[in-house]
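First comes the structure, then the notes that go with it.
The values are calculated or read from the model by the stated rules, or taken from the named source; none is laboratory data. Since the structure is predicted, the reported quantities are computational estimates derived from the model, not experimental observations. Every residue, glycine as well, gets a Cβ built from its backbone with ideal geometry; the counts of neighbours run over all protein chains shown.
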Amino acid sequence: MYQLSDYDFTLPEEFISQEPASQRDQSRLLVLDRDSGGIAHRSFFEITGLLSSRDLIVVNNTRVVPGRLVGQKETGGKVEFLILDYTGGLERLKKNGKFECSCLIKASKRLKTGTLLFFDTELKARITGFKDGIYQACFILKEDFAQTLDRIGNVPLPPYIKREKDPPACDDRTAYQTVYAEKKGAIAAPTAGLHFSRELLRKIKSKGIPIVEITLHVGYGTFLPIRVEDIREHKMHSERYFIPKKAAEVINQKKMEGGRIIAVGTTSVRTLEYATDDAGVVKHGNGNCDLFIYPGYRFRTVDSMITNFHLPKSSLLMLVSAFAGREKILAAYREAIREKYRFYSYGDAMFIH
């Protein structure tokens, strides 16, 4: 249960979805009963039939920053640049007038400190440091930085989406955001939320089911592989979160009434569980969440979750295994492969209850 190999499975490459469903709520939904292990197959829009007024849905309203930039060195060599800590950069910009950030850079060779990079006539950056594969950079600004990114930046799609440009009828700037995305700061989308259309949210609310928003800015660590054989030795990456006071009050009230807390995505699950105290009360506020959930963890707030299908040997697969049981999750994944479900960020969904 604690060996990395315990969370491995074979996925044919053709099941890795390269683009979203033609309509958000038309993706498929595998429903897993975590007590019995029973499985049912639905369409995502049918999830309204699985919900009642006793439920409360918690979503992550983070917004993916178009922080992937293509530029060049003074010598003309091409570079690909990915901003890793947008919110931290904005805080430093507010304090000292400079947007300084950690970043990943793909170039023909490692860049030296002091190297100047050009992205646009209005945007340049200078390398200020390098450690453990991560660069530090300081942008030289001529206009509002957020507006510049919106104008020239690209959405940083996960590395397993391997295409050069948007497929027909798919704009990643829109498709790779939830319809309720609001708080800028993520490097990746909370992908379980991509299945909700505005119409589906309206139908859920019309059943008297409240939807509460919290924020966790998904970081690059979500894509980093676990490199230890004993998963208990893995150190989870840290991500910034915020739970409004009103949201915490609504969640705690629903829990006290015996209602079901349904978290949309592993990011919502981790945030809620991290912010829950020993008495089972969700605390409002902000901070850095580094909670690693793996089998043996006792869930204190979340009763059900909506999630996508995750990579082998990933911390996300370990989280859902902690929630439903490793054998039941792997059995559900085998069933999903047999039924030709679409996997990963732009793939289909699971409802675990």
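In the stretch 266-278, is there at least one residue being in a loop (DSSP other than H, G, I, E, B), at pLDDT below 95 and over 22 Å from residue 43 (Cα atoms)? Yes, the stretch 266-278 contains at least one residue that is in a loop (DSSP other than H, G, I, E, B), at pLDDT below 95 and over 22 Å from residue 43 (Cα atoms).
Applying the criterion of being in contact with a Lys or Arg (Cβ under 9 Å, 6 or more places away or on another chain), surrounded by 15 or more Cβ atoms within 10 Å (Cβ to Cβ) and not charged (D, E, K, R) to the residues of the stretch 242-262, the residue that is farthest from residue 57 (Cα to Cα) is 242.
Kindly indicate whether any position in the stretch 305-319 is in contact with a strand residue (DSSP E or B) (Cβ under 9 Å, 6 or more places away or on another chain) and more than 27 Å from residue 157 (Cβ to Cβ).
Within the stretch 305-319 (the criterion being in contact with a strand residue (DSSP E or B) (Cβ under 9 Å, 6 or more places away or on another chain) and more than 27 Å from residue 157 (Cβ to Cβ)), the answer is no, since none of the residues qualifies.
If we keep just the residues of the stretch 206-224 that are modelled with pLDDT of 90 or more and among the aliphatic types (A, V, I, L, M), which is farthest from residue 62 (Cα to Cα)?
Here the residue is 209.
Scanning the stretch 279-293 for residues that are part of a loop (DSSP other than H, G, I, E, B) and either surrounded by fewer than 21 Cβ atoms within 10 Å (Cβ to Cβ) or over 18 Å from the mean Cα position of the chain (by Cα) (or both) yields 279, 280, 281, 283, 284, 290, 291, 292. Mind telling me which of the residues 109, 124 ends up being part of a strand (DSSP E or B) and more than 25 Å from the chain's Cα centre (by Cα)? It is 124. Could you tell me whether residue 301 is in the same structural domain as residue 225 (by TED's automatic domain parsing), part of a loop (DSSP other than H, G, I, E, B) and either at pLDDT 95 or above or of a type in the set (Phe, Trp, Tyr) (or both)? Yes, satisfied. Being β-branched (Val, Ile, Thr) and exposed (fewer than 14 other Cβ atoms within 10 Å of the Cβ) is the filter here; which residues of the stretch 95-127 pass it? If the condition is that a residue be β-branched (Val, Ile, Thr) and exposed (fewer than 14 other Cβ atoms within 10 Å of the Cβ), then 113, 121 are the ones that fit.
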